[in-house]
Amino acid sequence: MTGPSVVIIGAGVVGAALADELSARGWTDVTVVDQGDVPATGGSSSHAPGLVFQINGSKTMTEMARYTVEKFVELDSFHQVGGLEVATTPERLAELHRRHGWAASWGIETHLLSPEESVARHSLLDPGTVLGGLHIPTDGLAKAVKAVDAQLARARSRGVRVLPRHEVLDITTEGGRVKTVVTDHGELPADIVVCCAGIWGPKVARMVGMELPLVPLAHQLAWTGQVPDLAGQTVEASRPILRHQDADLYYRERFDTLGIGYYGHRPMPVSADDILSVDEAEVMPSVLTFTPDDFADAWTETRRLLPSTRSAKVEEGINGLFSFTTDHLPLLGESRDVAGFWVAEAVWVTHSAGVGRAMAEWLVDGHCGSFDLHECDVNRFEPHQIAPDYVRARGCQNYVEVYDIIHPLQPMEEPRPLRTSPFHVRQRELGATFLEASGWERPQWYEANAPLVAGRDIPTPGDWAARHWSPIVAAEAQATRENVALYDMTALKRLEVGGPGAVAFLQRLTTGDVDKAVGSVTYCLLLDVDGGIRSDVTVARLGPQEFQVGANGNLDLDWFERHRPADVFVRDLTPGTCCVGVWGPKARDLVQPLTRADLRALRYFRGTRTHIGNVPVTMLRLSYVGELGWEIYTTADLGLKLWDTLWEAGRDHGVIAAGRGAFTSLRLEKGYRSFGTDMTFEHDPYEAGLGFAVKLDKGDFIGREALLARKESVTRRLACLLTDEVVMGREPVYDGDRPVGYVTSAAYGHTIGRAIAYAWLPASLATPGRRLHLGYFDRRVEAVVAEEPLFDPAMTRLRG
Ligand SMILES: Cc1cc2nc3c(=O)[nH]c(=O)nc-3n(C[C@H](O)[C@H](O)[C@H](O)COP(=O)(O)OP(=O)(O)OC[C@H]3O[C@@H](n4cnc5c(N)ncnc54)[C@H](O)[C@@H]3O)c2cc1C
């Protein structure tokens with residue numbers, strides 16, 4: 001037996017995949033426990049119909065699905081019958097084009113089909129109902145129980161123990177670490193416990209005091225009797241698995257019958273505590289009694305789409321339980337509070353082997369090299385996002401929206417508002433249109449600025465880009481470059497890092513040299529051990545042992561906490577403070593009369609503590625929009641006073657409040673990257689064009705060693721493109737007919753008068769002047785690689 005002793009709770013498709021992947025990497029002191037029989041335990045994997053549709057807006061989820069398909073094929077646990085997604089409305093047809101684009105971006109082969117071609121692929125379809133289809137040749141049917149069996153068999157052959165009919169009753173800890181797993185058959189010592197308990201996850205996590213933001217929901221799956229057109233079929237399935245998302249339906253064959261899955265019924269949440277035990281449950285714990293009334297519309301719609309079912313009957317059905325999260329994504333990673341307690345939860349069969357691999361790499365190597373996990377990390381949530389009411393409300397809404405067409409800027413509707421900055425009351429008076437980010441109400445533009453539109457040449461974007469948009473966005477962007485604007489930056493995460501070890505700590509965690517004079521501000525990166533970017537941050541030294549770090553989200557706080565030595569403290573300042581960006585050529589004229597600080601002497605990337613009128617503030621001379629100005633911070637109680645003071649003083653200078661729409665446009669004109677969109681864990685600084693933020697000669701830091709090698713082998717680059725139309729992000733980039741990359745951020749540049757897109761490209765194509773195309777719905781959009789930044793490369797505005 002080698003490796004630490006690991007107990008995996010749950011022998012469903014996730015636990016089995018993890019046991020296989022861990023043992024393949026040499027960790028064989030692994031025990032898998034399950035309260036049920038193995039391999040059909042009574043969990044969700046035991047009844048899943050196993051449809052694997054790989055295409056997803058998330059690159060990571062698509063890649064995990066692709067890995068699952070490849071592995072299940074190898075394990076003889078997959079019928080690769082292909083997948084077909086059909087459209088019965090023009091909106092869905094456009095959406096299929098968008099999904100075809102994602103597939104090209106993430107490297108999966110798909111084909112758009114005419115109605116006739118769709119029917120030729122799936123002969124049960126009514127030719128008069130379908131407007132078109134998307135065919136994915138590598139999709140198909142996973143045999144989940146067989147895959148569990150096969151993966152556990154491989155794991156067992158390497159020494160892994162599998163203990164069926166062992167219910168975990170408790171997990172003991174000592175000194176903040178897991179110690180034993182208590183089962184109804186005795187205790188198992190454990191260095192690491194991984195919770196792969198599916199719908200029971202919240203109950204198991206609570207054994208170590210962890211709130212897992214997951215809600216089990218019942219989902220309807222019905223089986224017909226014989227369908228005449230399938231009569232005599234001797235193979236389990238011959239036609240592609242089918243999705244009819246306009247009606248929240250999917251289908252698979254089972255010999256001469258059809259399985260029908262339905263997401264259109266009312267959400268039916270269940271508490272993990274109320275799930276019956278293996279022995280109490282009539283069928284199995286994850287199966288509730290079918291409620292035919294909830295299925296009525298599904299059956300009507302099925303008979304419309306698939307005429308051959310009109311003479312068939314629904315013969316059996318279940319309301320099966322599986323897990324939903326607040327953002328559709330899985331929950332992976334280690335508890336922040338209890339070392340050694342890991343979770344791999346809210347995972348579909350579709351992504352299960354990918355998740356198994358990701359978790360195994362993470363555990364064995366200390367990081368996951370195969371997939372970018374920033375969207376899936378269980379520590380990504382803000383405190384309000386794990387509140388039980390929030391988890392339930394969002395889980396139910398996500399059930400409703402599983403197949404909906406979601407615009408990238410579409411904000412959640414409920415529960416809102418949650419977090420409001422102290423400026424909120426003024427923003428409402430100015431007619432702000434709010435979107436939402438991490439719970440914050442964030443103005444996108446202000447109706448009060450409507451008069452600024454007159455006389456400006458503002459191109460009207462296409463249909464999709466015109467949603468959650470107004471010409472006022474353009475006017476606000478231009479007015480920022482002409483005069484001065486106030487931007488609410490409160491939603492930006494900020495952390496206080498202090499204590500005797502703070503300098504050494506930040507030197508070790510960041511790529512920059514932050515050991516500079518008090519008042520300095522450093523833009524730098526947090527890297528993982530493989531040199532991948534975990535975040536980009538601004539580190540302001542406000543005292544000898546006191547730093548304020550402008551960060552991106554909760555994962556940064558988590559990263560700091562995990563690495564923090566005893567002589568360093570880290571505090572999240574975000575909830576108790578606020579920030580306004582005052583930016584534009586007249587920013588100094590506005591702010592200087594309000595403070596005794598000499599703002600001319602406060603150079604670019606310097607900060608100071610001072611007062612604005614009666615308000616104590618921290619001012620950092622930074623700007624994401626590429627204009628003269630400051631991020632001005634104060635405590636939440638004085639935020640409104642700060643806003644009013646600036647607003648009053650700004651009247652003579654034509655100050656406006658400007659929203660996030662303008663911000664994004666200005667940011668892209670300056671080429672400022674946004675973590676999570678433009679670069680993620682999988683990219684290194686040199687590829688991302690952020691090599692300037694890495695000080696290799698400052699001494700050791702996390703990721704340095706890996707970077708030395710990566711620096712010499714850059715094969716892809718984040719490039720700036722000028723395009724003929726504003727796109728949304730995630731579109732494929734084509735060189736001729738060959739997909740070569742994908743778009744990250746996109747917006748119209750209202751100063752330069754051109755549409756901008758940033759995209760990942762092979763380094764050989766990322767040369768200025770290179771002509772390429774973007775795939776945008778059913779069109780090709782011309783794009784040309786441009787020198788960056790597009791605006792003010794000499795930095796005269798920022799340094800002025
Ligand atoms: C009707 C329906 C249709 C679906 N269709 C699809 C589909 O077509 N494609 C797809 O990709 N996904 C589908 N899913 C989702 C998919 O089935 C699940 O997401 C997936 O099976 C979850 O796997 P898991 O290993 O996490 O959970 P499970 O399979 O539920 O395994 C968890 C295991 O943990 C064990 N356990 C829990 N608590 C304890 C304890 N205290 N002690 C010991 N053992 C414990 C349980 O017994 C169980 O075996 C469907 C789900 C449903 C309900």
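The values are calculated or read from the model by the stated rules, or taken from the named source; none is laboratory data. It should be emphasised that the depicted structure is a prediction, and the values quoted were computed from it without experimental measurement. Neighbour counts run over all protein chains shown; Cβ positions are idealised from the backbone, glycine included. We work out accessible area using only protein heavy atoms, side chains counted, and drop any ligands, DNA or RNA first. Shrake-Rupley method; radii C 1.70, N 1.55, O 1.52, S 1.80 Å.
Over every Cα atom in the stretch 732-779, the radius of gyration and the widest Cα-Cα span, Dmax, amount to 11.3, 32 Å.
Relative to its residue count, the stretch 223-292 spans a Cα convex hull of 137 Å³ per residue. Placing unit charges on the Cβ atoms only, positive for Lys and Arg and negative for Asp and Glu, gives the chain a dipole magnitude near 2380 debye about its Cα centre.
Could you give the Stokes-Einstein D for the stretch 375-455 in µm² per second, using the C-alpha Kirkwood radius, 4 °C, 1.567 mPa s? The Stokes-Einstein estimate is 88 µm²/s. Would you list which lysines come within 27 Å of LYS179, measuring only between C-alpha atoms, while excluding same-chain residues fewer than 8 positions from it? Straight-distance partners of LYS179: LYS203.
The accessible surface of the chain, taken with every protein chain in place and a 1.4 Å probe, is 49 percent carbon and sulfur. Helix 639-650 axis versus longest C-alpha principal axis of the chain: approximately 50°, rounded to the nearest ten. Ranking LYS493, LYS59 by solvent-accessible area of protein heavy atoms (1.4 Å probe, all protein chains present), from largest to smallest, gives LYS59, LYS493. Ranked by solvent-accessible area (1.4 Å probe, protein heavy atoms only, all chains present), the residues GLU85, GLU91 order from largest to smallest as GLU91, GLU85. Over the stretch 450-592, the ratio between the Cα radius of gyration and 2.2 N^0.38 Å evaluates to 1.34. Here the average projected area of the convex hull drawn through the C-alpha atoms of the stretch 129-195 stands at 9.2 nm². Over the stretch 668-800, the reciprocal of the mean inverse Cα-Cα separation, the Kirkwood hydrodynamic radius, stands at 15.6 Å. With the whole protein complex present, ASP488 retains an accessible surface near 20 Å², based on a 1.4 Å probe. Across the stretch 18-166, Cα-Cα distances exceeding 22 Å account for 51% of all pairs. The accessible area of THR300, taken with all protein chains in place and a 1.4 Å probe, comes to roughly 90 Å².
When only Cα pairs below 8 angstrom with a gap of at least 6 residues are kept, the chain shows a relative contact order of 12 percent.
Per residue, the chain exposes an accessible area of 37 Å² to a 1.4 Å probe, with every protein chain left in place. With an a/c value of 1.5 or above and a/b not larger than b/c for the gyration tensor axes a ≥ b ≥ c computed over the alpha-carbon atoms, the stretch 385-516 is described as oblate.
Taking other residues whose beta carbon is less than 12 angstrom from the beta carbon of ILE199, and scoring Lys, Arg as +1 and Asp, Glu as -1, yields -2. Note on the chain: dipole from Cβ charges, positive end direction compared against ILE241, PHE681, LEU721; the farthest Cα belongs to LEU721. If you sort the three axes of the alpha carbon gyration tensor as a ≥ b ≥ c, you get a/c of 1.5 or more for the stretch 568-611 and a/b above b/c, which makes it prolate. Backbone amide hydrogens, once placed in the peptide plane, bring GLY140 within less than 5 Å of VAL52, GLY82, excluding anything fewer than 5 places away on its chain. Per-residue Karplus couplings for the stretch 654-671, computed as 6.51 cos²θ - 1.76 cosθ + 1.60 with θ equal to phi - 60°, are listed in order as x, 4, 10, 8, 10, x, 5, x, 5, 3, 5, 4, 5, 4, 6, 4, 8, x Hz, Gly and Pro entered as x. Note that the stretch 284-289 has calculated 3J(HN,Hα) couplings of 7, x, 8, 10, 9, 5 Hz, one per residue in order, obtained from phi through the Karplus relation 6.51 cos²θ - 1.76 cosθ + 1.60 (θ = phi - 60°); glycine and proline are x. Solvent-free Debye calculation, one equal scatterer per alpha-carbon of the stretch 32-72: log10 I(q)/I(0) at 0.25, 0.31 Å⁻¹ equals -0.85, -0.97. Kirkwood analysis of the chain, using all unique Cα-Cα pairs, places the hydrodynamic radius at 28.1 Å. Pairwise inverse Cα distances across the stretch 615-714, averaged and inverted, put the Kirkwood hydrodynamic radius at 17.0 Å. Out of residues 5 or more away from PHE681 or on other chains, whose amide H comes under 5 Å of its own, with H placed 1.01 Å from N in the peptide plane? Close amide H contacts, sequence-distant or interchain: HIS374.
Based on Cα contacts under 8 Å between residues 6+ apart, the stretch 455-531 shows a relative contact order of 16 percent.
Computed from backbone phi with θ = phi - 60° and the Karplus coefficients 6.51, -1.76 and 1.60, the 3J(HN,Hα) list for the stretch 703-711 is x, 4, 4, 5, 5, 4, 7, 5, 4 Hz; x is used for glycine and proline. Rolling a 1.4 Å probe over the protein heavy atoms leaves TRP362 with an accessible area of roughly 50 Å².
Which of the three applies to the stretch 325-387, rounded, prolate or oblate, going by the alpha-carbon gyration tensor with a ≥ b ≥ c and a/c under 1.5 meaning rounded? Oblate shape, in that a/c is at least 1.5 and b/c is the bigger or equal ratio.
Output the relative contact order of the stretch 747-800, whole-number percent, from Cα pairs under 8 angstrom with separation of 6+ residues. RCO, the stretch 747-800: 25 percent.
Summing Cβ point charges (Lys, Arg +1; Asp, Glu -1) relative to the Cα centre of the stretch 212-266 gives a dipole of roughly 160 debye. Ordering ASN398, LEU573, ILE632 by the projection of their Cα atoms onto the charge dipole of the chain, which places +1 on the Cβ of Lys and Arg and -1 on the Cβ of Asp and Glu, puts ILE632 at the extreme positive end.
Semi-axes of the equivalent ellipsoid for the stretch 455-526, computed as √(5λ) from the eigenvalues of its C-alpha gyration tensor and ordered from largest down, come to 41, 15, 11 Å. For the stretch 530-621, the C-alpha radius of gyration sits at 1.28 times the compact-globule guess of 2.2 N^0.38 Å, with N the residue count.
For LYS695, a cut-off of 20 angstrom between C-alpha atoms picks up these lysines, skipping any fewer than 8 places away in its own chain: LYS516, LYS711. Only helices enter this figure: runs of n ≥ 4 DSSP H residues, each worth -39500 (n - 2.57), summed and divided by the residues of the chain, yield -7000 deg cm²/dmol at 222 nm to the nearest 500.
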